[in-house]
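Working notes, beginning with the structure itself.
The values are calculated or read from the model by the stated rules, or taken from the named source; none is laboratory data. Computed from a predicted structure; not experimentally measured. Backbone-built Cβ (ideal geometry, glycine too); neighbour counts: all protein chains shown.
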Amino acid sequence: MIIVEKENIPLIRVENLKKYYPVKGGIITHTTGYVKAVDGVSFSVMRGQTLGLVGESGCGKSTIGRQLVGLETPTEGKIYYDGTDLSLLQKDRKQMREVRTKLQMIFQDPYSSLNPRKHIYEILAQPMLYHKIARKDTVEKEILRLLDMVGLPGTALGRYPHEFSGGQRQRIGIARALSLNPEFIVCDEPVSALDVSIQAQILNLLKELQKELGLTLLFVGHGLGAVNYVSDQIAVMYLGKIVEYGDAKEIFHQPVHPYTQALLEAVPIPDPAEKGRERSLLQGEIGNSTCPPEGCRFHPRCPYATEQCRQVAPEMQAINAPVGNVLEADTESRKVQGRNAGSVKAWEADAESVKTREAGTESMKGREADAGSGRMRAAEIVGRMAGDRGQTRNPGVHMAACPVAGSQRVRQAL
Ligand code: SF4
């Protein structure tokens, strides 16, 4: 029997997640369609890591975050927390309540997310007392510890939210999220309502707290700059789907999908020499998620769109990774995630197609020699899973849903 160590299971795993909101209309009100806010999204976040979710407003990234912490119910798909399917806990209120404390959220607007009629003591004490994290006689000590962790003075206890600046209010929001000793926090654009100087302070605070407390984060953001700063992995979303996914540095420095490239172009560069630099900014509006475009959803705005893009929705594929790495890393990921053997075989076939594209280069010959068969590697990986406790990293395979741009990059690299 293979024993999969707890450290090897992603803390959060999402499979084919969908969220459709009904649109009501007609004389006798009935459902006339659905807003497909999230439309088949899969990803995983390893313990202690940060996944950055980036995209334009309305692409569905906040909806994913809200579903992860239980504020929205998925229309379809699965969310696993530490290997447990959250939908199976819905009927067991006691267990669900326990799990809820482990999944917390920092909201975008630090003002409207704090009750203006309650002072900070009440805002922080109530959840701790309700969930029995602290007793009445110890709760004040706990609150003072939390305030110290987020860089606020103890005198803040008796004050109301309106008496604080935006950055201080966001620190209170972070303290509230931490008050229940969570393992996973969704940071829903936590800095977009703040001044630039304060943004850096809050991002640094989040990084420090993550390191200190071993937190796992989902960081939702508009701009690739801030998301890259805090993330180990990045997933780029467009109109309810992930279009590019992988290691943060790889995506930030060598984006493949045209949409990611456009997001990167929009990142301001604080260098006077870059003044007047020509940027190829995206034209047009994000599409309608009630009736998304056929084929690739990005095609109405994509400068590389072909006839095929207008008809066939592209699948996610590995981009330009050495064959051995692609095969090994993703087979490992699928084994760890407990997926079935069929999907592993399908992935091996994908890795073979990458191998074909790279064949002919000198370096490739060397890699082929030790790549071996996918199945043999899968067996090795299963062996390592049982033996290597320290192996908690996400494989970081760079994937993109754009065969055209992907093949361009492969050609550039050869
Ligand atoms: S598949 Fe790629 S090239 Fe085609 S429209 Fe989509 S992003 Fe553009």
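Summary of values
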quantity: Single residue of LEU209, LEU213, LEU203, LEU217 found to be crowded, with 22+ Cβ neighbours inside 10 Å, among the aliphatic types (A, V, I, L, M) and touching a residue at least 12 places away in the same chain (Cβ under 8 Å); calculated: LEU217
quantity: Evaluation of TYR121 against (1) buried (at least 20 other Cβ atoms within 10 Å of the Cβ); (2) in contact with a helix residue (DSSP H, G or I) (Cβ under 7 Å, 6 or more places away or on another chain) (one fails), failing number; calculated: (1)
quantity: Residue in segment 164-178 that is at pLDDT below 95, over 26 Å from ARG66 (Cβ atoms) and surrounded by fewer than 14 Cβ atoms within 10 Å (Cβ to Cβ) present; calculated: yes
quantity: Subset tally (residues that are modelled with pLDDT of 90 or more and closer than 30 Å to GLY158 by Cβ) for segment 63-99; calculated: 2
quantity: Inter-residue pairs, beta-carbon under 8 Å, first over 13 Å from ALA313 (Cα atoms) and in segment 282-300, second part of a loop (DSSP other than H, G, I, E, B) and near the ligand (Cβ under 9 Å from one of its atoms), 6+ apart; calculated: GLY287/ARG297
quantity: Breaking point among (1) over 23 Å from LEU11 (Cβ atoms); (2) modelled with pLDDT under 95, for ILE123; calculated: (2)
quantity: Filter result (surrounded by 15 or more Cβ atoms within 10 Å (Cβ to Cβ) and within 13 Å of the ligand (Cβ to nearest atom)) within segment 264-294; calculated: LEU282, GLY287, PRO292, PRO293
quantity: Among the residues listed as ALA248, ALA235, ALA156, the single one being in contact with a helix residue (DSSP H, G or I) (Cβ under 6 Å, 6 or more places away or on another chain), within 27 Å of ALA37 (Cα to Cα) and not β-branched (Val, Ile, Thr); calculated: ALA248
quantity: Subset of segment 295-329 (residues that are at pLDDT below 85 and either within 10 Å of the ligand (Cβ to nearest atom) or over 18 Å from VAL243 (Cβ atoms) (or both)); calculated: PRO322, VAL323, GLY324, ASN325, VAL326, LEU327, GLU328, ALA329
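Residues checked against (1) of a type in the set (Ser, Thr, Tyr); (2) assigned to a helix (DSSP H, G or I); (3) without any contact (Cβ under 8 Å) to a residue 60 or more places away in the chain:
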| position | (1), (2), (3) |
| --- | --- |
| ARG117 | no, no, yes |
| ALA125 | no, yes, yes |
| LYS141 | no, yes, yes |
| ARG145 | no, yes, yes |
| ALA156 | no, yes, yes |
| HIS162 | no, yes, yes |
| GLN168 | no, yes, yes |
| ILE172 | no, yes, no |
| ALA193 | no, no, no |
